[in-house]
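To start, the structure itself, in structure tokens.
FYI, it's all coordinate maths here, none of it is from the lab. On a predicted model such as this, the values are computed, not experimentally measured, just so you know. Backbone-built Cβ (ideal geometry, glycine too); neighbour counts: all protein chains shown.
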Amino acid sequence: MPESIRDLVMEHPLFDAHEHVSSVPDYAKQEPHFSALLGYANADLVTARGPVGVGERVLPAMDDPGYTSAFFELWRRSRVTGYCRATERACRDLLGLEFREENADAITKAYAKFVGDDPRASYCMVLQEKAGVAWGIKDSIHTPEATSDELYPEEFIRFNYRDDGLLCILSRDDVGEREAWWQRSIHSLDNLIDGLMQSISDCLATGKVTSFKIGVAYRRGLDFKDPTRHEAERAFNRLMGVNVDTTVQASSATGLPSRQSRLSAEELRPLQDYITQRYIRRAADEGLPIQVHTGYLAGNTGVLNNINPMQLVPTLMRYPRVRFDLFHAGWPYQHEMGTIGKNFPNAWINLCWAWTMNPATMEHTLDAWLDGVPHCKIFGFGSDTHSPLMVYGYAVQAREGIARVLQRKIDRGDIDLTLAKDIAHCILLENGVHFHGLA
Ligand SMILES: [Zn+2]
């Protein structure tokens, strides 16, 4: 048993509550390149570069001889951020090289060697042994085939069901896309809901789907209303109908006669909200939890006024027996999220991705959450990334922050070492295992 809280946290098995880790075949065929370690840091390079002119690029094309120097010029201006520091840490620890311009070629070669001749073994080694992931919830699937063991090792990867495109339905094309996925005709709102329910059933039948996901904050607000079926059907029928007064965009990829959305965002809401309510009720029927994206949006120039977890309060009140897992600490609404976590028995609060975005803020956040929220309701980590190597980088950064928070609480005399170890065990592993029914 480790003596210090830091030693325990740094080597404790992790529940990776939210990840987008690439499949084994995608990991195998990724072109070796130093930028494979970028993870989220690309967004900081874009911000560092500032506005670019029309037709200009943030960076030259990757095969341009000027790419590497332009890349590292931006890197040197950004490298203190959480995104960038995690990349430097992963590069140093896993490849034995500093993430610097003079090492660019060596990093590319070391990356190729790291993936090696047996990519599946390398994939499992970095995730399980290096990052210490005991379980990961891969985001996201909407077909049973996507859960195959060939793609994701079943000994430690499980899945959530997610179809934000449907929850945010915009046009007739979205319906056509589901017809293709589900291999059934959709002529009515009932057909659409039946198709969704069957798709969920098919995915649940794999035994590998532990949860549902709502990630619509990238596209709209989280203030879900509860419209009547009539209101939703009126919007659906208007969405589907083609009349002489309709302007259409001809020939869609889905083979439908037209792509159109002649509904305003306001008119679409009853349909989107109705589908979302049916989706939540299905989770309720199955006894499965729902993960919800709240807080900051990946990338740049996101609609940052759509992300406050407080918008979910009516939904939390409407479904008191549905377990909601609220993501990303709600950053920058981490205090709002703490109050939700304290107040609602059906809300769990999650630091996934948060240690990557803003590690200093998350140290204050976890410190404060532990003073207000039962520690059985907090998930400490989720890597939220594609590259297995960056799962490691983000995991180490999270472990460092969590260890410091617990050590400070011990130093202040708020808790003793035994309790600190118990808290670490819960927020790093146990809470996730129980929440997702993997015990
Ligand atoms: Zn994510």
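Just the residues that are over 30 Å from M10 (Cα atoms), outside any helix (DSSP H, G or I) and in contact with a Leu (Cβ under 7 Å, 6 or more places away or on another chain), please, taken from the range 131-170.
I169, L170
Between W348, W355, which is touching a residue at least 12 places away in the same chain (Cβ under 8 Å), in contact with a Gly (Cβ under 6 Å, 6 or more places away or on another chain) and aromatic (F, W, Y)?
Values: W348 fails: in contact with a Gly (Cβ under 6 Å, 6 or more places away or on another chain).
That would be W355, the only listed residue that is touching a residue at least 12 places away in the same chain (Cβ under 8 Å), in contact with a Gly (Cβ under 6 Å, 6 or more places away or on another chain) and aromatic (F, W, Y).
Count, please, the residues in the range 305-323 that happen to be within 16 Å of the ligand (Cβ to nearest atom) and either basic (K, R) or not in a helix (DSSP H, G or I) (or both). Talk me through it step by step, then tell me what you get.
Step one: list which residues in the range 305-323 are within 16 Å of the ligand (Cβ to nearest atom), which gives 306-307, 309.
Pick out the ones that are also either basic (K, R) or not in a helix (DSSP H, G or I) (or both) and you get 307.
Number of matching residues: 1.
Within the range 387-439, which residues are closer than 18 Å to V126 by Cβ and either free of Cβ contacts under 8 Å to residues at least 12 places away in the same chain or assigned to a helix (DSSP H, G or I) (or both)?
Of all residues in the range 387-439, those closer than 18 Å to V126 by Cβ come to 387-399.
Selection gives P388, L389, M390, V391, Y392, G393, Y394, A395, V396, Q397, A398, R399.
Within the range 27-38, how many residues are of a type in the set (G, A, S) and either within 16 Å of the ligand (Cβ to nearest atom) or in contact (Cβ under 8 Å) with a residue 40 or more places away in the chain (or both)?
2
What is the residue count in the range 110-152 for residues that are touching a residue at least 24 places away in the same chain (Cβ under 8 Å) and buried (at least 16 other Cβ atoms within 10 Å of the Cβ)?
Matching residues across the range 110-152 total 27.
Could you tell me which residue of the range 6-23 is farthest from the chain's Cα centre (by Cα), considering only residues that are among the charged types (D, E, K, R) and within 16 Å of the ligand (Cβ to nearest atom)?
Per the criteria, the residue is D16.
Checking G302 against (1) within 24 Å of T47 (Cα to Cα); (2) out of contact with any strand residue (DSSP E or B) (no Cβ under 8 Å at 6 or more places or on another chain); (3) not in a loop (DSSP other than H, G, I, E, B), only one condition comes out false. Which one?
(3)
So that you can scan it fast, the table gives a plain yes or no per residue for (1) among the aliphatic types (A, V, I, L, M); (2) part of a helix (DSSP H, G or I); (3) within 16 Å of the ligand (Cβ to nearest atom); (4) farther than 26 Å from V126 by Cα:
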{"residue": "P25", "(1), (2), (3), (4)": "no, yes, no, no"}
{"residue": "Y40", "(1), (2), (3), (4)": "no, yes, yes, no"}
{"residue": "P51", "(1), (2), (3), (4)": "no, no, no, yes"}
{"residue": "L59", "(1), (2), (3), (4)": "yes, no, no, yes"}
{"residue": "D63", "(1), (2), (3), (4)": "no, no, no, yes"}
{"residue": "C91", "(1), (2), (3), (4)": "no, yes, no, no"}
